[in-house]
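Scroll down for the structure; my scribbles are underneath it.
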Amino acid sequence: MLKGKVAAVTGGQRGIGRAICEKLAEYGADIAIIDMCDENAARETASAIESKGVKVRAYRCDVTDGASVKETFKAILADFGTIDILVNNAGITKDKLAMMMSEDDFEKVLDVNLSGAFRTSKEVIPVMLKKHSGKIINISSISGIIGNAGQVNYSASKAGLIGMTKSLARELASRNITCNAVAPGFVETDMTKNLPDGGKTLADSIPLRRFAKPEEIAGLVAFLASPAADYITGEVIRIDGGLAM
Ligand code: NAD
């Protein structure tokens, strides 16, 4: 389904990003993992994905550093020749009630989750414009749709991603480039592993009574990256077990 396509995934070393890399590779895409993690971790993820028979490279890059993002995309283009799919998945939390939150913690989360996606998108847009095709998929969150106490920074960044998704979709549609967002609820990753009572109370409040597995989010991203989604753009798809319906 994605044979011959090149996908760049930010935050691709672990969690949802890794599952996305694995799923896109299963469908035949070559994979550029972009992450600020240490090289051993990146190498381990890369070789696991390589075992699926596709080309994989890991690039150490902090998406808050514009120069590093530019260099990384230059290197990806030199190594792979093109980029067909960009998944903006890198994200962090720095949760606190608004009255206790420092301006620095507010800005840092915006810088990674929202401005980071802007920086990477800017690098792939000229490539996709030339090809008259491309798919940009942003990993938002239901926090960006319904808000969440203790997450004014995170919710603002994820709501911002939804606005950016729709604007990019409008800007790029005439060149056959789609831009969509995925809004997960709670997913079993490092990001959610330290919740009080292991997340049980939260899980009980979800209609499907459990957190998502990273592979489930990856399946939706792979669908949006595939030709089956060629006529979908500017869409935000919740994948939250019914939590925010
Ligand atoms: P995670 O913490 O397990 O993984 C995040 C990855 O992003 C890590 O590999 C990390 O090294 C990388 N990263 C962080 N900052 C970076 C930076 N500045 N530059 C480059 N890479 C960076 O998180 P996850 O749970 O897999 O989340 C992935 C995405 O899904 C995030 O955008 C998150 O907001 C979103 N999301 C997660 C959940 C959840 O419940 N886990 C729910 C909704 C949305």
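Note: relative contact order over the chain, using C-alpha pairs below 8 Å and six or more positions apart, is 19 percent.
So how tilted is helix 116-131 from the main axis of the chain? Cα-based, degrees 0 to 90, rounded to 10. The helix 116-131 is inclined about 30 degrees to the chain.
Between Asp62 and Ala173, what is the FRET efficiency for a Förster distance of 41 Å, r being their Cβ-Cβ separation, to the nearest 0.05? Plugging the Cβ-Cβ distance into 1/(1 + (r/R0)^6) gives 0.85. Using a probe of 1.4 angstrom and keeping all protein chains present, the accessible surface of segment 1-64 works out to 44 square angstrom per residue. Placing dummy labels 7 Å off each Cα toward the beta-carbon, the span from Asp197 to Lys122 is 4.6 nm. When the listed pairs Lys5/Lys135; Lys96/Lys193; Lys96/Lys166; Lys23/Lys213 are checked against a 20 Å cut-off, the alpha-carbon distance exceeds it for Lys96/Lys166. Charge tally around Phe106: other residues with Cβ under 12 Å, Lys/Arg +1 each, Asp/Glu -1 each, net -3. When its C-alpha radius of gyration is set against 2.2 N^0.38 Å (N residues), segment 156-245 gives a value of 1.24. Share of carbon and sulfur in the accessible area of the chain stands at 52%, probe radius 1.4 Å.
Computed over the chain with a Gaussian network model linking Cα atoms closer than 10 Å, the most mobile of Ser157, Ser143, Ser47 is Ser47. Here the extension length gained between Leu97 and Lys131 equals 7.7 nm, from 0.36 nm per residue of separation less the Cα-Cα distance.
Its relative contact order, with pairs defined as Cα atoms under 8 Å and 6+ residues apart, puts segment 1-44 at 45 percent.
Dimensions of segment 2-128 based on its C-alpha atoms, expressed as ranges along the principal axes with the largest first, amount to 50, 29, 23 Å.
In a DSSP loop and with at most 10 other Cβ atoms within 10 Å, the trypsin sites (Lys or Arg not before Pro) in segment 1-98 are Lys3. Positive contributions from Lys and Arg (+1) and negative ones from Asp and Glu (-1), summed over other residues with Cβ under 14 Å from the Cβ of Cys179, come out at +1.
The values are calculated or read from the model by the stated rules, or taken from the named source; none is laboratory data. Note that the structure is predicted; figures quoted are calculated from it, not measured. Please note: Cβ atoms are built from the backbone with ideal geometry, for glycine as well, and neighbour counts cover all protein chains shown. Side chains included, ligands, DNA and RNA excluded: accessible areas come from the protein's heavy atoms. Shrake-Rupley method; radii C 1.70, N 1.55, O 1.52, S 1.80 Å.
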